[in-house]
Amino acid sequence: MRMRKVMAAALTGLALIGLAGTASASDELTWPPKDVTPVVKTKAELEKQAAGFIARQQETYPRIFRSSNVTLSPWGGESPGSISDGQQYLTSNGYYTRKGVETQVFVQVNAPGFFQSSPEQLCERNACTGKVRDGRGGLTVFTEDTVHGITIAWNYRRNGEVVWAQSWAQDSKAQVAAVASDRAYTFTK
């Protein structure tokens with residue numbers, strides 16, 4: 001069952017890539033969504049959630065990134081493992097080897113309402129390479145930092161959450177889209 005979910009997420013990521021160039025104005029998402037419910041958690045609640053996130057990474061990253069050599073840092077905030085009461089986001093770094101090259105993937109899960117920039121504002125300040133609906137009411141926006149070779153997928157969700165994943169590997173759009181759109185990474189559990 002878990003393998004099917006992982007494969008479905010990977011296939012969704014691949015489908016997103018195929019459709020990313022065809023997104024239209026009708027694919028826009030009103031941001032911020034109406035009636036965003038703020039979520040405030042204790043350090044203990046966030047630590048429990050972080051443990052679930054790292055378990056999900058351990059389960060899915062080897063398949064998503066096609067690597068048996070995956071190393072994960074603890075989820076935290078400003079630094080790995082640093083979590084505090086009321087924190088509105090969680091971050092994680094992961095390292096993996098792809099085609100003989102070690103590379104990095106970074107993920108940030110934002111609480112509803114914490115990430116304020118709309119998809120349009122994001123594209124005004126970054127090089128957007130496509131937008132596509134994620135099949136669950138959200139919108140995935142792709143950006144690239146060509147100076148540093150970073151590919152980023154930003155998954156905007158109807159509840160006001162934004163989850164983004166970035167990778168320094170070439171041709172990693174499908175992989176970062178699969179991570180960013182994975183509903184296992186949610187602040188509202």
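The values are calculated or read from the model by the stated rules, or taken from the named source; none is laboratory data. In this text, all values refer to a predicted model and were calculated from it rather than measured experimentally. A quick note on method: Cβ atoms are made from the backbone with ideal geometry, for glycine too, and the neighbour counts reach across all protein chains shown. Surface areas here come from the heavy atoms of the whole protein model, side chains and all, with no ligands, DNA or RNA. Shrake-Rupley method; radii C 1.70, N 1.55, O 1.52, S 1.80 Å.
Looking at V141 and the list (1) open to solvent by less than 20 Å² (accessible area, probe 1.4 Å); (2) over 15 Å from the mean Cα position of the chain (by Cα); (3) under 16 Å from S181 (Cβ atoms), which single condition is not satisfied?
(2) is the only condition that V141 fails.
State the number of residues belonging to region 155-189 that are part of a strand (DSSP E or B), open to solvent by less than 20 Å² (accessible area, probe 1.4 Å) and closer than 14 Å to T129 by Cβ.
Looking only at that region, the number is 1.
Go through region 133-153 and give me each residue that's touching a residue at least 60 places away in the same chain (Cβ under 8 Å) and outside any strand (DSSP E or B).
Those that are touching a residue at least 60 places away in the same chain (Cβ under 8 Å) and outside any strand (DSSP E or B): D134, G135, G138.
What is the number of the single condition among (1) farther than 18 Å from A178 by Cα; (2) open to solvent by 40 Å² or more (accessible area, probe 1.4 Å); (3) of a type in the set (A, V, I, L, M) that V70 does not meet?
In the conditions (1) farther than 18 Å from A178 by Cα; (2) open to solvent by 40 Å² or more (accessible area, probe 1.4 Å); (3) of a type in the set (A, V, I, L, M), V70 misses (1) alone.
Has region 88-104 got any residue that is aliphatic (A, V, I, L, M) and either more than 16 Å from the chain's Cα centre (by Cα) or within 23 Å of F65 (Cα to Cα) (or both)?
Within region 88-104 (the criterion being aliphatic (A, V, I, L, M) and either more than 16 Å from the chain's Cα centre (by Cα) or within 23 Å of F65 (Cα to Cα) (or both)), the answer is yes, since at least one residue qualifies.
For Q104, state whether it is in contact with a Leu (Cβ under 9 Å, 6 or more places away or on another chain) and either closer than 17 Å to W31 by Cα or open to solvent by 10 Å² or more (accessible area, probe 1.4 Å) (or both).
When the stated conditions are applied, Q104 does not pass them.
Being assigned to a helix (DSSP H, G or I) and surrounded by 14 or more Cβ atoms within 10 Å (Cβ to Cβ) is true for just one of A44, A50. Which residue is that?
A50
For the condition touching a strand residue (DSSP E or B) at 6+ places or on another chain (Cβ under 6 Å) and in a helix (DSSP H, G or I), what is the one hit in Q121, Q108, Q57?
Q57
Among the residues of region 5-20, is any at pLDDT 90 or above and either surrounded by 15 or more Cβ atoms within 10 Å (Cβ to Cβ) or within 18 Å of V107 (Cβ to Cβ) (or both)?
The answer is no, given that none of the residues of region 5-20 is at pLDDT 90 or above and either surrounded by 15 or more Cβ atoms within 10 Å (Cβ to Cβ) or within 18 Å of V107 (Cβ to Cβ) (or both).
Report the residue count in region 123-139 for those that are among the small types (G, A, S) and under 20 Å from G160 (Cβ atoms).
Qualifying residue count, region 123-139: 3.
So, of the residues in region 107-138 that are of a type in the set (A, V, I, L, M) and closer than 24 Å to N93 by Cα, which turns out to be most open to solvent (accessible area, probe 1.4 Å)?
A127
Checking Q58 against (1) open to solvent by 40 Å² or more (accessible area, probe 1.4 Å); (2) modelled with pLDDT under 95; (3) more than 17 Å from T188 (Cα to Cα); (4) polar (S, T, N, Q), which test does it fail?
Checking Q58 against (1) open to solvent by 40 Å² or more (accessible area, probe 1.4 Å); (2) modelled with pLDDT under 95; (3) more than 17 Å from T188 (Cα to Cα); (4) polar (S, T, N, Q), the one that fails is (2).
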